[in-house]
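Read through the structure below, which is laid out as structure tokens, and then see the notes.
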Amino acid sequence: LDPELSRLVESELIEQGVNLKLGCNCREIRKVENGLELILGSGETITVDRVIAVTGVIPNTRLADGIGLNLGVTGGIVVNDRLQTSDPEIYAAGDCVELSSAVDGKPGFWALGSLANRMGRIAGDNICNGDSRFGRVAGVTIVKFFELSIASVGLNSDSCRENGYDTSSCWGTFHDSLWYFPESGKTHLKLIYDKKNGQILGVQAVGSGEMLYLADKAAQIIQAGWTIDKLPDLEQAYSPP
């Protein structure tokens with residue numbers, strides 16, 4: 001998430017009673033009688049029950065590398081749109097595979113169950129003499145976080161800058177149903193687009209409303225390569241409640 005939206009997540013953490021400390025590092029973790037003790041870079045000491053280290057994931061490609069299959073720039077296995085590896089008799093699917101971004105076609109790595117399931121079906125069909133294809137990936141993710149939902153599709157502002165895009169963005173606050181319904185929830189949304197040609201590069205949303213349909217639409221729009229001026233043409237069902 002970009003900072004504007006991540007601040008909403010920080011506020012939710014604090015509201016839920018979490019003692020949030022940002023921009024500090026952990027110098028040491030010690031085992032003490034009642035749990036664990038963290039020594040921060042500032043010298044401050046915090047006693048905790050447990051530590052969760054979020055270090056990210058990398059594709060496990062030792063088997064593929066060991067038999068000489070081509071690996072890509074992300075470390076994932078290179079496949080074509082039929083999910084064949086550099087050895088056409090071997091297929092690869094799931095979190096070990098490098099895929100192409102729907103935004104710019106560049107190789108990327110997305111460890112998502114939704115993609116792994118689709119790849120498994122396509123690889124299985126092709127192994128059985130079918131001709132199914134796996135296209136580029138928008139990388140849509142959604143997660144429930146206390147009372148908030150968080151969704152992200154495509155690139156954020158940092159990754160746009162890293163890829164050399166000159167961008168602008170649109171902001172909005174919406175309801176997931178008509179505002180006068182008592183159960184309606186707010187959604188804060190940010191859309192990032194390329195100033196040069198209007199291509200939609202990324203969508204992020206945070207809020208208490210129902211966000212799954214929004215994330216799915218954003219993924220299809222980015223996969224289709226839509227520009228911002230085409231958004232008014234999006235046809236949607238009208239269902240106030």
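The values are calculated or read from the model by the stated rules, or taken from the named source; none is laboratory data. As the structure is a prediction and not an experimental result, all values here were calculated from the model. With ideal geometry, Cβ positions are generated from the backbone for all residues, glycine too; neighbour counts draw on all protein chains shown. Accessible surface is based on the protein model in full, side chains and every heavy atom, while ligands, DNA and RNA are left aside. Shrake-Rupley method; radii C 1.70, N 1.55, O 1.52, S 1.80 Å.
For segment 11-52, which positions are of a type in the set (D, E, K, R) and either touching a strand residue (DSSP E or B) at 6+ places or on another chain (Cβ under 8 Å) or on the phi > 0 side of the Ramachandran plot (or both)? Residues satisfying the conditions are Glu12, Lys21, Arg27, Glu28, Arg30, Lys31, Glu37, Asp49, Arg50.
Of all residues in segment 104-128, which are modelled with pLDDT under 95 and in a loop (DSSP other than H, G, I, E, B)? Result: Asp104, Gly105, Lys106, Phe109, Trp110, Ala111, Leu112.
Counting only strands (runs of 3 or more DSSP E) that sit wholly inside segment 1-57, those with at least 3 residues that are among the basic types (Lys, Arg) are 26-32. Given the criterion open to solvent by less than 70 Å² (accessible area, probe 1.4 Å) and either over 30 Å from Thr85 (Cα atoms) or basic (Lys, Arg) (or both), identify the matching residue among Ser152, Ser169, Ser101. After applying the criteria, what remains is Ser169.
Among the candidates Tyr165, Tyr193, Tyr238, which residue alone is over 25 Å from Met119 (Cα atoms) and out of contact with any Leu (no Cβ under 9 Å at 6 or more places or on another chain)?
Values: Tyr165 fails: out of contact with any Leu (no Cβ under 9 Å at 6 or more places or on another chain); Tyr193 fails: out of contact with any Leu (no Cβ under 9 Å at 6 or more places or on another chain).
One residue alone meets the criteria, Tyr238.
With respect to (1) open to solvent by 40 Å² or more (accessible area, probe 1.4 Å); (2) more than 21 Å from the chain's Cα centre (by Cα), the lone exception for Tyr193 is condition (2).
Only a single item in (1) open to solvent by 40 Å² or more (accessible area, probe 1.4 Å); (2) under 21 Å from Asp2 (Cβ atoms) is not met by Gln223, and it is number (2).
Return the residues of segment 1-52 that are under 30 Å from His188 (Cβ atoms), open to solvent by 40 Å² or more (accessible area, probe 1.4 Å) and among the small types (Gly, Ala, Ser); say none if nothing qualifies. Listed by number, the residues that qualify are Ser11, Gly17, Gly23.
Residues being modelled with pLDDT of 95 or more, surrounded by fewer than 13 Cβ atoms within 10 Å (Cβ to Cβ) and on the phi > 0 side of the Ramachandran plot are represented in segment 57-68 by at least one member.
Cβ separations smaller than 6 Å between residues 6+ apart or across chains give the following pairs from segment 174-187 residues that are at negative phi and among the β-branched types (Val, Ile, Thr) to residues that are open to solvent by 30 Å² or more (accessible area, probe 1.4 Å) and not in a loop (DSSP other than H, G, I, E, B): Thr187/Phe174.
If the condition is being farther than 18 Å from Lys190 by Cβ, within 21 Å of the chain's Cα centre (by Cα) and not in a loop (DSSP other than H, G, I, E, B), then segment 221-241 contributes only Gln223.
Looking only at segment 131-162, filter to residues that are assigned to a loop (DSSP other than H, G, I, E, B) and among the small types (Gly, Ala, Ser); which one of those is farthest from Ser114 (Cα to Cα)?
We begin by selecting, within segment 131-162, every residue assigned to a loop (DSSP other than H, G, I, E, B); these are 131-136, 138-140, 146-147, 155-156.
Pick out the ones that are also among the small types (Gly, Ala, Ser) and you get 132, 135, 138-139.
Working: Ser132: 17, Gly135: 14, Ala138: 12, Gly139: 10 Å.
Here the answer is Ser132.
Here Lys144 clears all of (1) within 15 Å of the chain's Cα centre (by Cα); (2) charged (D, E, K, R); (3) buried (at least 18 other Cβ atoms within 10 Å of the Cβ); (4) closer than 29 Å to Pro241 by Cα except the condition numbered (3). A single member of Ser168, Ser177 is small (Gly, Ala, Ser), farther than 21 Å from Gly108 by Cα and either under 21 Å from the mean Cα position of the chain (by Cα) or outside any loop (DSSP other than H, G, I, E, B) (or both), and it is Ser168.
Look at segment 194-216: where a residue is under 22 Å from Trp179 (Cα atoms) and a partner is hydroxyl-bearing (Ser, Thr, Tyr) and open to solvent by 70 Å² or more (accessible area, probe 1.4 Å), sitting 6+ places away or on another chain with Cβ atoms under 9 Å, you get Gly207/Thr173.
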